[in-house]
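Novice: Have a look at this one before I ask anything.
The values are calculated or read from the model by the stated rules, or taken from the named source; none is laboratory data. Note that the structure is a prediction, hence the values are computed from the model and not measured. Ideal geometry is used to build each Cβ from the backbone, glycine not excepted, and the neighbour counts take in all protein chains shown. We work out accessible area using only protein heavy atoms, side chains counted, and drop any ligands, DNA or RNA first. Shrake-Rupley method; radii C 1.70, N 1.55, O 1.52, S 1.80 Å.
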Amino acid sequence: MKELLSNLAILSSLLILYTQMTSASPLSRGSSWRRKITIGLFGGLLSNILMQYSMNIGNTIIDLRHIPIIIMAYYGGYLPTLSAGVLIIFGRFLFGFNTSSFAAILLVTLISAAALLISRRQFSKKKKIFWMVTISNLVFTGLVLYLLNDKKLLLFLVPIYWGISYLAGFISFSVVEYARRSQELFSRYKAESATDGLTGLNNFRKFDETFNQLLFNQERMSEKLSLLYIDIDYFKKINDRYGHGEGDVVLKELGNILKSSTRSFDIVSRNGGEEFTVILRDCGLNQAIELSELIRKNVEEFTFILNSGHQMNITVSIGIASFDDTTRNAADLIDDADKALYQAKRTGRNRVCVSQ
């Protein structure tokens, strides 16, 4: 019994390691065939480790090697299950060629086939796990009844094996599911910490992080760098007249216009309120002016349709600073672009101004 409990402890520990190693891209039916084979081999290796700590009764070894097979079948389908099964069979033969080792081939084959069939059924997750483990236990029981003649031992062994097998199955899936949910939450929070929830653009935190990284790279590469500061003209009047909900519609649509008007590698952010920025990489002043005029024109000509059905047009003011055409120190780009934006506002709005 202690060997099976050791199997359970090893299984849980290695599954935690597995989930950490694959957290960025967990196994699924949509995974690439290479990833499926690789993870399947990992599952087979895990089963081989479990066999090293098995219960030995004559030539028969008893362990929880079927649990990784079930996991591979449930999450990845036939390819990782096949990879795991082949490695398990190879590992079993390392213990010797005898009746038990050939029975192990039948065990792995039947459990794999049953797990794959059940994984495609329209059952709940709990029912799938239950039936996968149950059929595995039935196959195991049939084989040990054939291999072992000690009835007293079987009356003691089989119920214990079934209990630990069910426990291992549900614990293993709980470990994997918990790790996946935790990773999904972490990824979502990480994305939210860098993304403006309304527009989907970078938020100020991400803008600041990206801008500082570009400054660091610029010192080594001497790359041209331009910065646009963009502000919606008279946005407060929109909120006062139509409400903040309708103002959000305008902000979201403006974000789409900015993304469609700039290059794929430009960095568009919403820095707060109605203020947006665009970091133009490898872009000198003349090209920055062209892009700014394109943005200004696209915004001016776009008809915003509010939730209420009202249609409206807006304009934006844009300030430009460019290293090293207008700004000798790249770290001053933010201040210079902000001053240029103020100049655009002060001199009539709906215009592009360049830092002096």
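Novice: According to a simple spin-label model (label point 7 Å from Cα along Cα-to-Cβ), what is the distance in nm between Leu185 and Phe156?
Specialist: 4.4 nm
Novice: Using a Cα distance threshold of under 25 Å, what count of lysine pairs results for the range 140-269 when pairs must be 8 or more residues apart or interchain?
Specialist: Within the range 140-269, the lysine pair count is 11.
Novice: I would also like to ask the following. Can you tell me the orientation of helix 78-93 relative to the chain, as the angle in degrees between its alpha-carbon axis and the longest Cα principal axis, to the nearest 10?
Specialist: On a 0 to 90 degree scale, this one is about 40.
Novice: Could I ask something else about it? Report the gain in length on full extension from Asp282 to Ile305: 0.36 nm times residue separation, minus Cα-Cα distance, nm rounded to one decimal.
Specialist: That works out to 4.8 nm of additional length.
Novice: Separate question: Could you tell me whether the range 247-351 comes out rounded, prolate or oblate from its Cα gyration tensor? Rule is a ≥ b ≥ c as square roots of the eigenvalues, rounded for a/c under 1.5, then prolate if a/b exceeds b/c, otherwise oblate.
Specialist: Verdict is prolate for the range 247-351.
Novice: A further question follows. Need one word for the range 160-273: rounded, prolate or oblate. Basis is the Cα gyration tensor (sqrt eigenvalues a ≥ b ≥ c); a/c below 1.5 gives rounded, then a/b vs b/c decides.
Specialist: It comes out oblate by the Cα gyration axes.
Novice: Any chance you could run the full-extension gain for Arg263 through Ala113? It's 0.36 nm times the residue separation minus the Cα-Cα distance, nm to one decimal.
Specialist: 48.9 nm
Novice: Add +1 for every Lys or Arg and -1 for every Asp or Glu among the other residues with Cβ under 15 Å from the Cβ of Gln343, and state the total.
Specialist: Here the count lands on +1.
Novice: Estimate the FRET efficiency between Phe123 and Lys2 by the formula 1/(1 + (r/R0)^6), using the beta-carbon distance for r and 45 Å for R0, to the nearest 0.05.
Specialist: 0.85
Novice: Quote the accessible area belonging to Ile289 in square angstrom, nearest 10, computed with a 1.4 Å probe and with ligands, DNA and RNA left uncounted.
Specialist: Its heavy atoms expose roughly 60 Å² to the probe.
Novice: Please list Arg281, Arg346 from largest to smallest accessible area, probe radius 1.4 Å, with all protein chains kept in place.
Specialist: Arg346, Arg281
Novice: So with the 1.4 Å probe, I'd like the accessible area per residue for the chain, rounded to whole Å².
Specialist: 51 Å²
Novice: For the chain, with only Lys/Arg (+1) and Asp/Glu (-1) charged at the beta-carbon, what is the dipole magnitude about the Cα centre, in debye rounded to 20?
Specialist: In debye, rounded to 20, the chain gives about 1860.
Novice: What's the Kirkwood radius of the chain in Å, using all Cα pairs?
Specialist: Across the chain, the inverse of the average 1/r is 25.0 Å.
Novice: Using 0.36 nm per residue, how much length does the chain from Asp324 to Asn212 gain when fully extended, once their Cα-Cα distance is taken away?
Specialist: 38.7 nm
Novice: Evaluate the charge dipole of the range 210-346 about its Cα centre and quote only its size in Debye, nearest 20, assuming +1 on the Cβ of each Lys and Arg and -1 on the Cβ of each Asp and Glu.
Specialist: Dipole magnitude for the range 210-346 comes out near 160 debye.
Novice: Let me check something: with ligands and nucleic acids excluded, how do Trp33, Trp131 order by accessible area (1.4 Å probe), largest to smallest?
Specialist: The residues order as Trp33, Trp131, largest area first.
Novice: Along the Cα→Cβ direction, 7 angstrom out, place labels at Arg349 and Leu294. What is the inter-label distance in nm?
Specialist: 2.6 nm
Novice: Taking the chain as the reference, fit the longest principal axis to its C-alpha atoms, fit the long axis of helix 66-76 to the helix C-alpha atoms, and give the angle between the two in degrees, 0 to 90, nearest 10.
Specialist: For helix 66-76, the angle is close to 30 degrees.
Novice: May I ask you to give the percent of accessible area on the chain that is carbon plus sulfur, with a probe radius of 1.4 Å?
Specialist: Carbon and sulfur atoms account for 57 percent of the accessible area of the chain.
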